[in-house]
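Note sheet for the following structure.
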Amino acid sequence: METFLQIYNETYKILLLLVPILVSVALIVWFDRRVWGFVQKRKGPNVVGPFGLFQTLADALKYIFKEIIIPASANKIVFILAPIITMTLALSAWAVIPLSDKMVISDINVGILYIFAISSLSVYGIIMGGWASNSKYPFLGAIRSAAQMVSYEVSIGIIIINVLLCVGSLNLKDIVMAQQNLWFVVPLFPMFVVFFISALAETNRPPFDLPEAEAELVAGYQTEYSGMMYAMFWLGEYANILLLCALGSILFLGGWLSPVDIYPLNVIPGIFWMIFKILILFFMFALIKAIVPRYRYDQLMRLGWKIFLPFSLIYVVLTASFLVYFDLLPK
Amino acid sequence: MIAHALFFYFFSIIAIVSAIFVIVSRNTVHAVFFLILDFISIACLFIMIGAEFLGMMMLIVYVGAVAVLFLFVVMLMNVTEQKLSWFRGTKKTGHIPVGLIIGTVILLELIVIVGGWRYRDSFSETEFLSFNSEFTNTHMIGNVMYTDFIHLFQISGIILLLAMIGAIVLTYRKREGVKSQSYIKQISREREDSVQLKDVEFDKGVKLDD
């Protein structure tokens, strides 16, 4: 009976996290398109529902009722598995994200490593989709995308080391609590910029959306997908973007902490600040989508390996020596 | 406790079955996928005994990086279907004796290692590996690795670096006639260098000086 109750409780908690995330993914897609439209002096989606808020729901309904076409020469099992893996991984990483000091499903000691591991697994959804389609465009898109994600993961890993040096713990709550006096965006501002750009590349967002560069590769690894399977790739992608925004706000912007610890600000519940910070980061993602032209592939690789990697390595050395010299290392 | 045992059997059965499928499956890409599944379930087993740092490192290093490279190689080599002709004895190859020798050596080594194992007395009571609850096992590994074993740690790092440089030296070829852009040239190009305004007289045409 006790086990049953525990399972019931856990399921309840998980649903309470997953459903809001799925709803907010739907809203964030609308927000993305809306910002994109306003930058280009268009209106964006504004017909379905108030301000066009239900546009994504309408899209999703359309996808559900569409036929799922599996190419005759595709490897069926892997083809079907790929979008499932993408979406599952994107959602499962949310298990360790603390939305406020009590709202977290699993408060594990190696939270940041867990997120890093899950995001490095999400390459497989793309490779499997591209390979199983058994067609040229998806395959090329998948290879591009895998190379890109692996390269930028390296620089994200080193940026995380910078933050960990200042915290002394891999627990996400500890990382937030270490920023009570000063958010890490101030001393580590260059790393925040590099993290933000790497996050764009990691989630295949413009200007680094080479896997889906429609002028060259039709839609990259998603070319052969239709109906709900395409929508699942899409959902996974946006859930991943939200995840990296959340990670950015935990690592650099003080998570659920209020900007200054004074009366009217610190009574606002932490989850509000967390969502606010995620939205600000996402707003920057959306703006960049609208204003920056796409990178060439060699430029992308050069940026990752020849600029970001050495720069963040040097910054690790600088941070470490600064902390040691002024005796600020966390005990 | 029952749930714990159930999860243990679940992951270990997946690990063993997928390890068998790595060898058996005809499609090499499928074999790599099963290898990945194997890595993941072993990482889960690590996490179950409380070695969460090792488990996560297993996921990040093996699944996130090494297996991706495997997959790349297998996909690009275009050997997706193995004929398995050696298995049926239609083709003579020298692989079987070599494979048998290596297999026997590994088996012997395993026997030696497992034979030397000392089991704990309280084997049936599953205890977590948290020797000292004050420290997380990330701290413990760091404490050992950067103090007692610092030289071994550094040497293994240098060996990896050497292997990397060696691989680059062996495979890098300077090719002739490759078109590439120079970023400095592209960025430092000014309007004066590239645009000329000329007044063209009617019916005369114009000649540029380069």
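Brief remarks on what is shown
- Subset of the stretch A:46-76 (residues that are in a loop (DSSP other than H, G, I, E, B) and farther than 30 Å from A:K136 by Cα): A:N46, A:V47, A:V48, A:G49, A:L53, A:F54
- The stretch B:1-43, residues that are among the aromatic types (F, W, Y) and surrounded by fewer than 17 Cβ atoms within 10 Å (Cβ to Cβ): B:F7, B:F8, B:Y9, B:F10, B:F21
A quick yes/no check of all residues on (1) at pLDDT 90 or above; (2) more than 13 Å from every other protein chain (Cβ to nearest Cβ):
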{"position": "B:G50", "(1), (2)": "no, no"}
{"position": "B:M56", "(1), (2)": "no, no"}
{"position": "B:M75", "(1), (2)": "no, no"}
{"position": "B:T93", "(1), (2)": "no, yes"}
{"position": "B:E109", "(1), (2)": "yes, yes"}
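- Residue match in the stretch B:7-18 (condition: assigned to a helix (DSSP H, G or I) and within 13 Å of chain A (Cβ to nearest Cβ)): yes
- Yes/no for B:A3 being within 12 Å of chain A (Cβ to nearest Cβ) and not charged (D, E, K, R): yes
- Looking across the stretch B:1-45, the residues that are under 23 Å from A:S106 (Cα atoms) and within 18 Å of the chain's Cα centre (by Cα) come down to B:F39, B:I40, B:S41, B:I42, B:A43, B:C44.
- The residues on offer are A:F79, A:F4, and the sole one that is outside any loop (DSSP other than H, G, I, E, B) and at pLDDT below 85 is A:F4.
- Of the helices (runs of 4 or more DSSP H) lying entirely inside the stretch A:260-331, not one carries at least 3 residues that are within 20 Å of the chain's Cα centre (by Cα) and at pLDDT below 85.
- Among the residues making up the stretch A:178-234, those that are among the aliphatic types (A, V, I, L, M) and free of Cβ contacts under 8 Å to residues at least 24 places away in the same chain are A:L182, A:V186, A:V193, A:A215.
- Tally, over the stretch A:114-155, of residues that are outside any helix (DSSP H, G or I), more than 11 Å from chain B (Cβ to nearest Cβ) and in contact with a helix residue (DSSP H, G or I) (Cβ under 9 Å, 6 or more places away or on another chain): 1
- Residues satisfying the stated conditions in the stretch B:170-201, i.e. more than 20 Å from A:M301 (Cβ to Cβ) and either among the hydrophobic types (A, V, I, L, M, F, W, C) or touching a Cys at 6+ places or on another chain (Cβ under 9 Å) (or both): B:L170, B:V195, B:L197, B:V200
- Within the stretch A:82-110, the set of residues being part of a helix (DSSP H, G or I) and aliphatic (A, V, I, L, M) comprises A:A82, A:I84, A:I85, A:M87, A:L89, A:A90, A:L91, A:A93, A:A95, A:V96.
The values are calculated or read from the model by the stated rules, or taken from the named source; none is laboratory data. Given the structure is predicted, the values throughout are model-derived calculations rather than measurements. Cβ atoms come from the backbone with ideal geometry, glycine included; neighbour counts cover every protein chain shown.
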